[in-house]
Amino acid sequence: MLYCLVLTTTYFLNVQQGIDVMMPTIIIGALKREGDNTVPGITDEQISWIGSLVYLSPPIGSLFLSLVQARLGHRICMALTNLIQLSSVLVVVLFPITVSSLYACSMLMGLSTGFATGLSISYSGEVCEPKLRGSLTSALNVFYFVGFFFVSTTYAITESWKKSLIIAVAVPLANMLALSMTPDSPMWLLSRGKTDKARKILMKLRGCVSEEKCAPEFQEMVQYVSLSAKSEEAKKKPSSLGSFSHPGLWNPLKLMLIYIFFSNVMSGVPYAPYLMNVFSSFNTQVEPAWAMSAYPAFSIIGNVFTILLVHRLGKRYLVLSTITVCSLSYILIGFIGQFYDDTEYTSWAKLALFFGSTLSSSLGVMPIGWILMSEVFPMKSKNLGCSICSAVYFFLSFFMTKFYMDLEKFIGFYNTFFLFGGIGIVGLVYFYFCLPETENKTLKEIAEHFKLEPV
């Protein structure tokens, strides 16, 4: 129960991410609605920028965060994230709604998302004990889709994107309140020389236990942070940019960058903005709008199962099994679409396989990537590593969504599923040989697996 309270701010940050990523889609849908004159004369090119800026600006936020988080700590950076999110709303509430104000709104939401992604991952990875870290960090993705569902439902009820945006302000305001009761991570406090405060907070995080009970874990933290500090001093690299040249960053970073690519493909990032067209192409009797509303529901169910199963089955098993299911689902969709005529049965089969891949990716390959990100980097390069990975995730998401329609026109709709399934098989082989098991291991043990000197 205590962990749920401590991680409340990270869960709120992920709800904000879901809202921020979904909001431009809602705005675009409202602007393209027949009879809407909110921004007279707006062009398709301008609308495309409103939708894409939310993916282009998060890397800026992530990289800026990597430069200041080690100095400022998680709590101050979380407060800054909330202020950025609030400013994205004020832009369209206090000023006339123009193309420029909508650009600014989308960009600020992207910056907020860039901050929130790195913060939620690094903080949850540092405050959770090893046996609970996987389950509790898995919940981050659940709350992302809760934000997605919340703002979509609000818009459906109010039928006004501006009212929906104002109502969504409740999330950062509630987070500011929760933040007042959130401690900094013990590891960050140790890195700033606040040993006594770090010990007291660790005792509180572990259930207000005695000093003796958490002494072994605290001693390991002291050892880990001390090695990091000595390494940094020996190499005379006071700036966080110095971590770029240290091999301790590159081994796990290489794994995570490859993981992000395969995860994006398996979780359907390329076609996410075009779901209505995908469902229409399946030719089922289900209305595409209803099918789209079921998409986050299946994602939430998958993430809940991740929380329940990750400690029991381990991350490696879940990644390998869910990539297998996703790959086979995509290949079967492509096969049915290419070689069978559309009938009631084939249409339902394609829709079922699609939602099966959605459920499977949300159960394993997608959320576990974010958990691994919080674990595989050593102390002094954790913030930088998480921020780089977050930036790459959003850059890849932008390019995959931007050029998906060109790919579909070039090779055909159902051949894209053959392609994605084939990519998944390649990823399955790679991860079988290269992905370590990190469940129920301390951060020090994980670093030793990668044969890293903490930096």
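The values are calculated or read from the model by the stated rules, or taken from the named source; none is laboratory data. In this text, all values refer to a predicted model and were calculated from it rather than measured experimentally. Here the Cβ is made from the backbone with ideal geometry for all residues, glycine too, and neighbour counts use every protein chain on show. Remember, those area values only see protein heavy atoms, side chains included, never the ligands or the DNA or RNA. Shrake-Rupley method; radii C 1.70, N 1.55, O 1.52, S 1.80 Å.
For this structure, a couple of remarks:
- Within the stretch 158-181, residues that are touching a residue at least 40 places away in the same chain (Cβ under 8 Å) have Cβ atoms under 8 Å from residues that are aliphatic (A, V, I, L, M) and assigned to a loop (DSSP other than H, G, I, E, B) in these pairs: LYS162/ILE97, counting only partners at least 6 apart in sequence or on another chain.
- Those residues of the stretch 71-84 which are open to solvent by 10 Å² or more (accessible area, probe 1.4 Å), in contact (Cβ under 8 Å) with a residue 12 or more places away in the chain and closer than 12 Å to LEU119 by Cα, in sequence order: ARG75, ALA79, LEU80
- Among the criteria (1) farther than 14 Å from PHE12 by Cα; (2) in contact (Cβ under 8 Å) with a residue 24 or more places away in the chain; (3) of a type outside the set (Asp, Glu), the one VAL68 does not fulfil is (2).
- So GLY385, is it under 27 Å from the mean Cα position of the chain (by Cα) and open to solvent by less than 10 Å² (accessible area, probe 1.4 Å): yes
- Selection status of ASP342, open to solvent by 10 Å² or more (accessible area, probe 1.4 Å) and outside any helix (DSSP H, G or I): yes
- Of all the criteria given as (1) more than 23 Å from PHE399 (Cβ to Cβ); (2) buried (at least 18 other Cβ atoms within 10 Å of the Cβ), the one not satisfied by SER321 is (2).
- Condition met for VAL39 (in a helix (DSSP H, G or I), over 22 Å from the mean Cα position of the chain (by Cα) and modelled with pLDDT of 80 or more): no
- Taking the stretch 404-431 as the range and being open to solvent by 20 Å² or more (accessible area, probe 1.4 Å), under 23 Å from the mean Cα position of the chain (by Cα) and of a type outside the set (Val, Ile, Thr) as the test, the residues that pass are LEU428, TYR430.
- Among the criteria (1) over 25 Å from LEU111 (Cα atoms); (2) open to solvent by 10 Å² or more (accessible area, probe 1.4 Å), the one TYR393 does not fulfil is (1).
- Any hit, the stretch 238-261, residues being surrounded by fewer than 18 Cβ atoms within 10 Å (Cβ to Cβ), basic (Lys, Arg) and modelled with pLDDT under 80: no
- Among (1) acidic (Asp, Glu); (2) touching a Leu at 6+ places or on another chain (Cβ under 9 Å); (3) under 30 Å from PRO24 (Cβ atoms), the one test that GLU375 misses: (3)
- Meeting the requirement of 2 or more residues that are under 22 Å from the mean Cα position of the chain (by Cα), the helices (runs of 4 or more DSSP H) wholly within the stretch 122-217 are 130-158, 170-179.
- When LEU165 is tested against (1) farther than 19 Å from MET78 by Cα; (2) open to solvent by 40 Å² or more (accessible area, probe 1.4 Å); (3) modelled with pLDDT of 85 or more, exactly one condition is not met: (2).
- Residue that is over 30 Å from SER191 (Cβ atoms), in contact with a Pro (Cβ under 6 Å, 6 or more places away or on another chain) and in contact (Cβ under 8 Å) with a residue 60 or more places away in the chain, where the choices are TYR404, TYR432, TYR414: TYR404
- Just one of the numbered conditions (1) closer than 30 Å to LEU31 by Cα; (2) modelled with pLDDT of 80 or more is not true of GLU159: (2).
- Candidates ILE60, ILE28, ILE50: the one that is open to solvent by less than 60 Å² (accessible area, probe 1.4 Å), touching a residue at least 24 places away in the same chain (Cβ under 8 Å) and either touching a Pro at 6+ places or on another chain (Cβ under 7 Å) or β-branched (Val, Ile, Thr) (or both) is ILE50.
- Cβ separations smaller than 8 Å between residues 6+ apart or across chains give the following pairs from the stretch 89-110 residues that are surrounded by fewer than 19 Cβ atoms within 10 Å (Cβ to Cβ) to residues that are among the aromatic types (Phe, Trp, Tyr): SER101/PHE95; TYR103/TRP49.
- Single unsatisfied condition, VAL222 versus (1) within 29 Å of the chain's Cα centre (by Cα); (2) open to solvent by 30 Å² or more (accessible area, probe 1.4 Å); (3) among the aliphatic types (A, V, I, L, M): (1)
- Enumeration of residues in the stretch 205-215 that are within 23 Å of LEU7 (Cβ to Cβ) and open to solvent by 40 Å² or more (accessible area, probe 1.4 Å): GLY207, CYS208, LYS213
- Flag for PHE377 being outside any helix (DSSP H, G or I), of a type in the set (A, V, I, L, M, F, W, C) and closer than 29 Å to GLY114 by Cβ: yes
- The lone exception for VAL365 - which of (1) modelled with pLDDT of 85 or more; (2) closer than 30 Å to PRO216 by Cα; (3) in contact with a Cys (Cβ under 8 Å, 6 or more places away or on another chain) it fails: (2)
- Within the stretch 263-292, residues that are of a type in the set (S, T, N, Q) sit with their Cβ atoms under 7 Å from residues that are part of a loop (DSSP other than H, G, I, E, B), at 6+ positions apart or across chains, in these pairs: ASN283/ASP342.
- Residue within the stretch 194-204 that is farther than 19 Å from PRO296 by Cβ, at pLDDT below 80, open to solvent by less than 60 Å² (accessible area, probe 1.4 Å) and of a type outside the set (A, V, I, L, M, F, W, C) present: no
- Scanning the stretch 279-304 for residues that are hydroxyl-bearing (Ser, Thr, Tyr) and loosely packed, with under 14 Cβ neighbours inside 10 Å yields one hit, SER280.
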